[in-house]
Ligand SMILES: NC(=O)c1ccc[n+]([C@@H]2O[C@H](COP(=O)([O-])OP(=O)(O)OC[C@H]3O[C@@H](n4cnc5c(N)ncnc54)[C@H](OP(=O)(O)O)[C@@H]3O)[C@@H](O)[C@H]2O)c1
């Protein structure tokens, strides 16, 4: 279906696999000029429960959603600097702005990635690297498990709108509810938090 697509398998939860991935890709594609940090997982955790005392239970979520994007950016940075004009895209979430308490680690990782993206954009402002952020609302994918996001917006509709806005030069783009919450002030965040978590 996509004959020009090259696929490299990697468990992004493992730092050594990230290093191997970056080395292989940069070696094989010296003109590569874009890094998209899209991979993510979402798990339900109840911290009012003994089992979360096991760090490994939620460490993987932090490793994949937050540590991996930061690590990959650092691994690709030297290369992206060499190609003249490049783009780094991070996929966060509307839940970075208004947390859904049933997926607390997920929300924290996305808030962290949003924060990191702001800092990265500032640090790279005089470089040839553009830093973009996509902030999805609930989208109808298999995130968190099959059937959990069927109430979300259609993937194609979401993607075509977001990519058009990025192509038009916007650097931080949400859609529907996430476009709304990314611009919220404190009072609006508090109200939406109560509504989302009642
Ligand atoms: N769907 C939503 O409602 C929603 C809302 C806000 C933000 N987002 C964000 O959008 C991004 C894409 O998610 P999605 O909705 O498309 O969910 P998805 O259908 O579950 O896709 C998740 C993607 O992450 C990859 N991935 C997960 N664990 C990985 C690992 N250890 N190593 C490498 N890749 C791994 C998966 O690869 P495999 O297919 O190979 O497992 C898959 O490509 C995520 O960052 C998510 O947090 C989604």
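Here the Gaussian network model covers the chain, with springs between Cα atoms less than 10 Å apart; of 11, 126, 37, 126 fluctuates the most. Shown here are the Rg and Dmax of the Cα trace of the chain, at 17.4, 51 Å.
For a paramagnetic label modelled at 7 Å from the Cα of residue 195 toward its Cβ, which residues of region 128-158 fall within the zone defined by backbone nitrogen distances under 19 Å? 136-139, 151-153, by backbone N distance to the label point.
The relative contact order of region 97-162, computed from alpha carbon pairs under 8 Å that lie at least 6 residues apart in sequence, is 19 percent. Note on residue 184/residue 5: beta-carbon distance plugged into 1/(1 + (r/R0)^6) with R0 of 35 Å gives a FRET efficiency of 0.40.
Averaging the sequence gap over all C-alpha pairs within less than 8 Å and six or more residues apart, then dividing by the number of residues, gives region 120-198 a relative contact order of 26 percent. Taking the inverse of the mean 1/r over every pair of distinct Cα atoms in region 15-74 gives a Kirkwood hydrodynamic radius of 13.5 Å.
Considering only alpha-carbon pairs that sit under 8 angstrom and 6 or more positions apart, the relative contact order computed for the chain is 20 percent.
What residue among 173, 162, 52 has the largest mean-square fluctuation in a Gaussian network model of the chain, using Cα springs under 10 Å? Maximum among the listed residues: 52. Does anyone have the angle between helix 104-123 and the longest principal axis of the chain? Alpha-carbon axes, 0 to 90°, nearest 10? For helix 104-123, the angle is close to 40 degrees. In region 85-196, the inverse of the mean reciprocal separation of distinct Cα atoms equals 14.8 Å; this is its Kirkwood hydrodynamic radius.
Footprinting exposure proxy ranking of 141, 150, fewest other C-beta atoms within 10 angstrom first, gives 150, 141. Ranked for footprinting exposure by Cβ neighbours inside 10 Å, fewest first, 175, 44, 193 give 44, 193, 175.
In plain terms, the chain from residue 14 to residue 161 could stretch by 49.6 nm, reckoned as 0.36 nm per residue minus the Cα-Cα distance.
Each value in this text was obtained by applying a stated rule to the coordinates, not by laboratory testing. Since the model is a prediction, treat every value here as computed from it, not as a measurement. Because the Cβ atoms are built from the backbone with ideal geometry, glycine has one as well, and the counts that use them run over all protein chains shown.
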